[in-house]
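Student: My questions all concern the structure below.
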Amino acid sequence: MMRPLLLALATLLCASGFAAPAPGDCQPGGPCSTPLEVRAVVVTLFEIGEDEGDRPGEFQLWKTRGNFTVSLPFPQGHHELVYDPERKVLAMVTGIGTMKSTANIMALGLDARFDLTRAYWLVAGIAGIDPADASLGSAVWSTYVVDGDLGHEIDAREMPEDWAYPYFPRRASTPYATPRPPSEGEIFVLNDGLRNWAYEQTKGLTLPDLPGMAEARAAYAEPAAKRPPFVLKGAHLAAMTFWHGALMNDWANHWVAYWSEGQGNFVTSAMEDSGTAQALTYLDRLGKADYDRLMVLRAASNYTTPPPGVTPAHNLLSERSSGYSGLLGAVESLYLVGNTVLEALLADWPKHAVAPPSAD
């Protein structure tokens, strides 16, 4: 007798026109004669509590609002997978941090149960946002992913007097040395055409402006920080340390500009995306995934600097203890903006299965 999961898979595959797997086939870590077709992977990074029915993190709205009727064990990863058999969309939770995102994306990409060769990868996660560029709840399509961990660092109290920051690139002897060293994971360039297409699909959306967000925005002096949430494009800094404050924000702007050679403007800060991009780069080499189908969407749950008159330490701890002033608006924006793009991709799948769309 088939195990319940295998029975569910057999039913699903038969309905999709595939032959049912034999008992013992298509189990985690083993071979699979009838892999599931995956047209898109929604990559979320964390959930707060339960997957349904409580305060939502990044995963919950996708789980409850989609048709993710099939749950699949994922013992080699952080959280079980869910699958929408009608749209052929898979959703996952990687866990927080670059280490977990890298491991989980690699584990999924090498899982024989799934055909990911034509899948689009949509990272949908919250972020800190530079108040010079946008406001709480705003959704940002990433132009570049810059790693904020690879480098050398000395204590700022001991750095040379002519250095602006104590952090400097590997294979360099000073901050912002020129010529810039070649990237070995410090920067990932995303598919411009696909990102611009996604932006065009969503730039006119009215994003949720939930209670309390306007009050939080009003405390800031920057005009962009005061705006109701909106969709934009910008560069993303991925670093394992949750940093905060005007001095760190200044460093982030310089670090992103340096590695993007002046082409990228720092807008959002989170942790995982350099790991996701690196894993997909390796999987692309194997023909298991297509790096050019990666989209990174980040929505602002908090600002990267405090408002005037508030210290960085007080603001960071206050935001953390309250659950972040823009969290609920951010996860709503992620679902609205991200799902709009998924629907557009899937609506013309015969075309988009062959090649990514482009606005260029």
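Student: Among rounded, prolate and oblate, which fits region 171-219 when a ≥ b ≥ c are the square roots of the eigenvalues of its C-alpha gyration tensor, a/c under 1.5 means rounded, and a/b larger than b/c means prolate?
Tutor: It comes out oblate by the Cα gyration axes.
Student: I'd like to compare 202-210, 320-328: which one has the highest average count of other Cβ atoms within 10 Å, and what's the full order after that?
Tutor: 320-328, 202-210
Student: Still on this structure: In whole Å, how far is the Cα centre of region 152-201 from that of region 222-281?
Tutor: The distance from the Cα centre of region 152-201 to that of region 222-281 comes to 11 Å.
Student: Suppose every K and R has +1 on its Cβ and every D and E has -1 on its Cβ; what is the size of the dipole of region 77-213 about the Cα centre, in Debye to the nearest 20?
Tutor: The calculation lands at about 480 debye.
Student: Sticking with this one: For the chain, take the longest principal axis of its alpha carbons; what is the angle in degrees between that and the long axis of helix 327-347, to the nearest 10 within 0 to 90?
Tutor: It is inclined by approximately 50 degrees.
Student: OK, next. Would you kindly calculate the mean projected area, averaged across all directions, of the convex hull enclosing the Cα atoms of region 101-245, in square nanometres?
Tutor: Average of the hull's projected areas for region 101-245 equals 12.6 nm².
Student: Work out, in µm²/s and without decimals, the Stokes-Einstein translational diffusion coefficient of the chain at 37 °C, 0.692 mPa s, Rh from Kirkwood over C-alpha pairs. Don't skip to the end; give the middle numbers.
Tutor: Numbers: Rh = 21.2 Å.
Here the translational diffusion coefficient equals 155 µm²/s.
Student: Considering the options S333, V38, P175, tell which one lies farthest towards the positive end of the dipole of the chain, charges being +1 on Lys and Arg and -1 on Asp and Glu at the Cβ, about the Cα centre.
Tutor: Looking along the dipole axis, the top candidate is V38.
Student: Next up: Hand me the chymotrypsin sites (Phe, Trp or Tyr not before Pro) from region 238-317 located in a DSSP loop with no more than 15 other Cβ atoms within 10 Å, in residue order please.
Tutor: F242
Student: A follow-up question, please. Over what distance in Å are the Cα centres of region 342-356 and region 90-108 separated?
Tutor: If we compute the Cα centre of each part, the gap is 24 Å.
Student: OK, next. Would you order F188, F68 from fewest to most other beta-carbon atoms within 10 Å of each residue's own beta-carbon?
Tutor: Ascending Cβ contact count within 10 Å gives the list F68, F188.
Student: Filter the GluC sites (Glu not before Pro) in region 114-184 to those in DSSP coil with at most 13 other Cβ atoms within 10 Å of their Cβ, and list the result.
Tutor: Here the sparse-neighbourhood loop sites are E161, E184.
Student: Quick one: order H314, H79, H244 by neighbouring beta-carbon count within 10 Å, fewest to most.
Tutor: Going from sparsest to densest Cβ surroundings: H314, H79, H244.
Student: Take D192, project a point 7 Å from its Cα along the Cβ direction, then tell me which residues of region 102-144 have their backbone nitrogen under 16 Å from it.
Tutor: Backbone N within reach: 142-144.
Student: Now a separate question. Pop the C-beta distance of A221 and R65 into the FRET formula with R0 = 30 Å and round what comes out to the nearest 0.05.
Tutor: 0.25
Student: Grab the Cα-Cα distance for A347 and F242, subtract it from 0.36 nm times how many residues apart they are, and report the gain in nm with one decimal.
Tutor: Values: separation 105, 0.36 × 105 = 37.80 nm, distance 3.81 nm.
Extending this stretch completely gives an extra 34.0 nm.
Student: Stretched out fully, how many nm does the piece from D284 to T206 gain, at 0.36 nm a residue minus the Cα gap?
Tutor: Values: separation 78, 0.36 × 78 = 28.08 nm, distance 3.51 nm.
Residue separation times 0.36 nm, minus the Cα-Cα distance, leaves 24.6 nm.
Student: Report the extension gain between E153 and S322 in nm, rounded to one decimal, defined as 0.36 nm multiplied by the number of residues separating them, less their alpha carbon distance. Don't skip to the answer; put the middle values down first.
Tutor: Details: separation 169, 0.36 × 169 = 60.84 nm, distance 3.18 nm.
Going from the current span to full extension adds 57.7 nm.
Student: Also, I was wondering about something else. To the nearest 20 debye, what charge dipole does the chain have about its Cα centre, counting +1 at the Cβ of each Lys and Arg and -1 at the Cβ of each Asp and Glu? If you can, show how the numbers build up before the last one.
Tutor: Numbers: 26 positive and 41 negative charges, 126 e Å.
About 600 debye.
Student: Something else: Give the order of Y199, Y167 when sorted by the count of other beta carbons within 10 angstrom, beginning with the fewest.
Tutor: Y167, Y199
Student: Just flag the GluC sites (Glu not before Pro) in region 211-282 sitting in loop per DSSP whose Cβ has no more than 14 other Cβ atoms within 10 Å.
Tutor: E261
Student: Next up: How many lysine pairs are close in the chain, with Cα atoms under 22 Å apart and the two 8 or more places apart or on different chains?
Tutor: On the way: K63/K88; K63/K100; K88/K288; K88/K351; K100/K288; K203/K226; K203/K233; K288/K351.
Close lysine pairs found across the chain: 8.
Student: Given the options A353, V82, M248, identify the residue whose Cα lies farthest towards the positive end of the charge dipole of the chain (+1 on Cβ of Lys, Arg; -1 on Cβ of Asp, Glu).
Tutor: A353
Student: Could you tell me which of rounded, prolate or oblate describes region 255-297, using a ≥ b ≥ c as the square roots of the eigenvalues of the alpha-carbon gyration tensor, with rounded for a/c under 1.5 and, failing that, prolate when a/b is larger than b/c and oblate otherwise?
Tutor: Judged from the Cα gyration tensor, region 255-297 comes out prolate (a/c at least 1.5, a/b above b/c).
Bear in mind these aren't lab numbers, they're just calculated from the coordinates by the rules spelled out. For clarity, every value in this text was computed on a predicted model and none was experimentally measured. Using ideal geometry, Cβ is built from the backbone for each residue, glycine included, and neighbour counts are taken over all protein chains shown.
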